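Chemist: Take this structure first; my questions come after.
The values are calculated or read from the model by the stated rules, or taken from the named source; none is laboratory data. Note that the coordinates shown come from a computational prediction; the quantities given were computed from them, not determined experimentally. Please note: Cβ atoms are built from the backbone with ideal geometry, for glycine as well, and neighbour counts cover all protein chains shown.
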Amino acid sequence: MIEASHVPLYFQPEQPQNIKEKVGFMPLPVPSAEGTYPTTMMGGWELSVPITSKNKALAWELITLIAEPNILAPWLAKYGYLPTQLAIGQGEFSNVMRQYNPYYEEMISMIPTGLSRPSIQEYPEIADNIREAIDEVYYGKKQPNEALQDAAMKSAKVLRW
């Protein structure tokens, strides 16, 4: 399975301590071409202020308060989510997560290169195309290149390219 930042929830202390025997971690392939680097999509809970907001300054103040490490870190720890801030990922919070997440270091190493999902209305359909391609490879219906080319063609149509 390919999963997201909510997976550490399953590494909570009440889970079996032999979790590493049951769950593996496979980092994505690292491109070898100069100037390329691995990345990941961060969160799914990013906060923003809509352009149509009547209270932009107040909304921004709320976001800056919520994003403070001393406020955000306890919430992340309680619900088992990975941080998207180095100050949290490498700070006191990390000591808690390291205790029961055997892959914490690998997961947290992606913070500097992590990006948010595209903020476009077509993204959910494009994400479905990618998930479908992955499933086609999992179940032996297509080779990886064919599945990804098909997903790219479907996504290009969604984007009206």
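Chemist: Go over the candidates Pro102, Pro112 one by one and state the one that is modelled with pLDDT under 90 and assigned to a helix (DSSP H, G or I). Give the derivation first.
Modeler: Working: Pro102 fails: assigned to a helix (DSSP H, G or I).
Among Pro102, Pro112, only Pro112 is modelled with pLDDT under 90 and assigned to a helix (DSSP H, G or I).
Chemist: Of everything in segment 85-122 that's under 13 Å from Thr39 (Cβ atoms) and in contact (Cβ under 8 Å) with a residue 60 or more places away in the chain, which residue is surrounded by the most Cβ atoms within 10 Å (Cβ to Cβ)?
Modeler: Of everything passing the filter in segment 85-122, Met110 is surrounded by the most Cβ atoms within 10 Å (Cβ to Cβ).
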